[in-house]
Amino acid sequence: MDTGFLKLNNAGSAPMTSLPCPPFAEFRKMLIDAVRTREDAYPTGLAMPAANIAIPHTDPGFVSKPYIAVVKPAVPVTFNAMAGMGAPVPAQIIINLGIAEPGGQVEALQALMNIFMDTDAAADVLGQTTPQGMVDAIRRHF
């Protein structure tokens, strides 16, 4: 599975269309629309013990090659809370999943949630300042 890192210098409210999607450029518009539609119906903001995260994704039919894209915005981006549980979540890290196998999201979501429930693992990920550092930190704890 490919892992990528994107750093946004935004004012905290970037629409999904502003995110570059290098691993799947040929599916860019279709995938972004699918992620946005799914996010509207099934929000993915999670206020975890060690960090606030969002894990937007779409159905496996839109993914030709599995990937995980990590976005570390300059300021948190607000997502609605997963399953409508609680207030909107100012996400410090946005992890877009491109899982090609039906049901594969569950395993990936659990692994990511475990990272951000662990104070040391979350601090390692949040403390990264380079794309390679972010990729390495996610891989270390995934």
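The numbers here are math on the coordinates, done by the rules we state, and not lab data. Treat the numbers as computed from the prediction; the structure is a model and nothing was measured. Heads up, the Cβs are rebuilt from the backbone with ideal geometry, glycines too, and the neighbour counts pull from every protein chain shown.
Charged side chains reduced to their Cβ positions (Lys and Arg at +1, Asp and Glu at -1) give the range 25-87 a dipole of some 160 debye around its Cα centre.
Note on the range 85-139: percent of Cα-Cα distances in each 5 Å bin, starting at 0 and stopping at the bin with the largest distance, equals 4, 16, 23, 26, 19, 10, 2. Taking the Cβ of Gln105 as the center, what net charge do the other residues with Cβ under 15 Å away carry, scoring Lys and Arg +1 and Asp and Glu -1? Charge balance near Gln105 sits at -3. In this structure, the amide hydrogen of Asn52, modeled 1.01 Å from its nitrogen in the peptide plane, lies closer than 5 angstrom to those of Gln92, counting only residues at least 5 positions away or on a different chain. Each residue of the range 18-142 gets 102 Å³ once the volume of the Cα convex hull is shared out per residue. Applying the Karplus relation 6.51 cos²θ - 1.76 cosθ + 1.60 with θ = phi - 60° to the range 33-38 yields 3J(HN,Hα) values of 4, 5, 5, 4, 4, 5 Hz, where x marks Gly and Pro. Annotation: amide H of Val77 within the under-5 Å range of Ala91, sequence separation 5 or more or interchain, hydrogens built in the peptide plane.
Note on Gln132 and Asp33: with the Förster distance fixed at 25 Å, the Cβ-Cβ geometry gives a FRET efficiency of about 0.25.
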